[in-house]
Ligand SMILES: [Zn+2]
């Protein structure tokens with residue numbers, strides 16, 4: 001009898017294989033998950049962990065699929081972890097009530113680095129405000145990168161210092 005993982009829905013021939021697999025967790029586009037993402041995007045402040053995202057970088061195709069989900073207005077990959085991997089570590093998110101720029105930090109998970117409240121805004125205003133926050137965060141990242149062009153610096157640690165996390 002096959003054993004199916006409740007989280008990732010992959011099927012295994014034995015229980016041992018199921019227990020030992022390196023589980024990627026539920027797909028971001030799973031409807032339960034999408035509602036968690038929408039809920040959390042509305043509640044998070046800068047520096048908060050977005051628990052609905054996995055503790056790893058995310059494939060860009062999964063972000064593209066998330067954008068098609070009900071209630072998600074924008075889900076946009078803003079960079080690749082390293083070129084050619086197809087993974088992203090920075091995402092802009094827009095729901096009907098809020099926007100956020102989130103970034104993956106190893107050992108921490110996905111953290112809100114910029115947030116926008118949207119209750120008093122139209123979708124267009126919210127989208128505009130989110131894009132300003134995207135540019136603001138990207139300029140912080142670029143400044144750090146330029147300031148340490150010699151390499152040999154932990155950019156993620158610098159970003160954490162910037163956020164005070
Ligand atoms: Zn699994």
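Here residue 67 fulfils each of the conditions (1) within 26 Å of residue 164 (Cα to Cα); (2) in contact with a strand residue (DSSP E or B) (Cβ under 8 Å, 6 or more places away or on another chain); (3) surrounded by fewer than 20 Cβ atoms within 10 Å (Cβ to Cβ) apart from (1).
Checking the stated criteria, residue 120 turns out to be assigned to a loop (DSSP other than H, G, I, E, B), surrounded by fewer than 17 Cβ atoms within 10 Å (Cβ to Cβ) and either in contact with a helix residue (DSSP H, G or I) (Cβ under 9 Å, 6 or more places away or on another chain) or without any contact (Cβ under 8 Å) to a residue 12 or more places away in the chain (or both). Restricting region 3-40 to residues that are closer than 14 Å to residue 70 by Cβ and more than 16 Å from the ligand (Cβ to nearest atom), the residue that is farthest from the chain's Cα centre (by Cα) is 31.
In the set 4, 88, only one residue is touching a strand residue (DSSP E or B) at 6+ places or on another chain (Cβ under 7 Å) and over 30 Å from residue 142 (Cβ atoms); that residue is 4. Within region 7-17, is even one residue without any contact (Cβ under 8 Å) to a residue 60 or more places away in the chain, in contact with a strand residue (DSSP E or B) (Cβ under 9 Å, 6 or more places away or on another chain) and closer than 22 Å to residue 130 by Cβ? No. Please pick out the residue among 108, 114 that is at pLDDT 95 or above and within 22 Å of residue 43 (Cβ to Cβ). Only one candidate passes the filter, namely 114.
The values are calculated or read from the model by the stated rules, or taken from the named source; none is laboratory data. Model, not experiment: these values are computed from the prediction. Cβ atoms come from the backbone with ideal geometry, glycine included; neighbour counts cover every protein chain shown.
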